[in-house]
1. Grab the Cα-Cα distance for residue 270 and residue 258, subtract it from 0.36 nm times how many residues apart they are, and report the gain in nm with one decimal.
2. If you stretched the chain out fully between residue 210 and residue 233, how much longer would it get, using 0.36 nm times the residue separation minus the C-alpha to C-alpha distance?
3. Return a whole-number percent for the relative contact order of the stretch 56-280, with Cα pairs under 8 Å and 6 or more residues apart as the contact set.
4. Kindly put 52, 155, 69, 202 in sequence by how many other C-beta atoms sit within 10 Å of each C-beta, fewest to most.
5. Could you work out the relative contact order of the stretch 65-129? I mean the mean sequence separation of Cα pairs under 8 Å and 6+ apart, divided by the number of residues, in percent.
6. Mind giving me the nanometre distance, one decimal, between the label points for residue 190 and residue 95, set 7 Å out from Cα along Cα→Cβ?
7. May I ask you to list the residues of the stretch 110-134 whose amide nitrogen lies under 12 Å from a point 7 Å from Cα along the Cα→beta-carbon direction of residue 76?
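Bear in mind these aren't lab numbers, they're just calculated from the coordinates by the rules spelled out. Owing to the predicted nature of the structure, the values given are computational and were not obtained by experimental measurement. Cβ atoms come from the backbone with ideal geometry, glycine included; neighbour counts cover every protein chain shown.
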């Protein structure tokens, strides 16, 4: 074994043999199963260029995609108790959190950033499904409240991009308490007269759907996104009926009035900028031209009518040939 290590391996390296290729250079599309090169996939906003399937997007990439020039500032979320219930199943909840945070600056599934979109100030709160399935616990609830407070403070619209499996089971009733708390945050934004826009990403399910995700003034969704409370299998076993094709998909919800628009990821930023402009500046930029009121026009007509009749009586009558009448 030492001969292979000390003699053969250096000779192979001298020949210029490349090391093993990392596993994350190629990603398989979950829909068409085509292999996608990671650089081409990132350049296409994580959309498959074979079948147009929208892959899940990390929260940081989502913020960079939406803000002008990809420039934004993140806020530090309030500190919370990491493991309030000291929960343990097969592993301790604290260990799962430590593994999810390993090698990353994010503290939880929500990332809040603020910047400009098309020149308009905006606050965006994006969920990351890669962090424990984007589940909402106490930290995520605090993050959404912080985003709402920041939007009110900066007089900016609030945009939320949920991608979550629902409430975090390891925090029990504390995670369910985030449902009414996030609704209160949405109400604060509305009372300030600011737009609240939701972009439903894949997937948006559970307690997230039952709270702030379905309260947007305008609800957008990415193509093919799964949006619902319970899973399809659970619903079928409960009602004992076969569900329609595409049930709980964004297109199905759009056809039935649950979603306002289904927008492709490449057009999402422009559509959001257009909506912010319409909601924040509803008045046209054309010059204001005052119009005469109907009562004033009638008064002016009545004042001119007697004078016109007096002038007509004082004027000499003309004969049919156009010459003045006699006695003129």
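1. Result for the pair: 2.1 nm of gain on full extension.
2. Net length gain for the segment: 6.4 nm.
3. For the stretch 56-280, the relative contact order is 16 percent.
4. Ranking 52, 155, 69, 202 by Cβ neighbours within 10 Å, fewest first, gives 69, 155, 52, 202.
5. With pairs under 8 Å counted, the relative contact order is 38 percent.
6. 4.4
7. No residue qualifies, since no backbone N sits under 12 Å from the label point.
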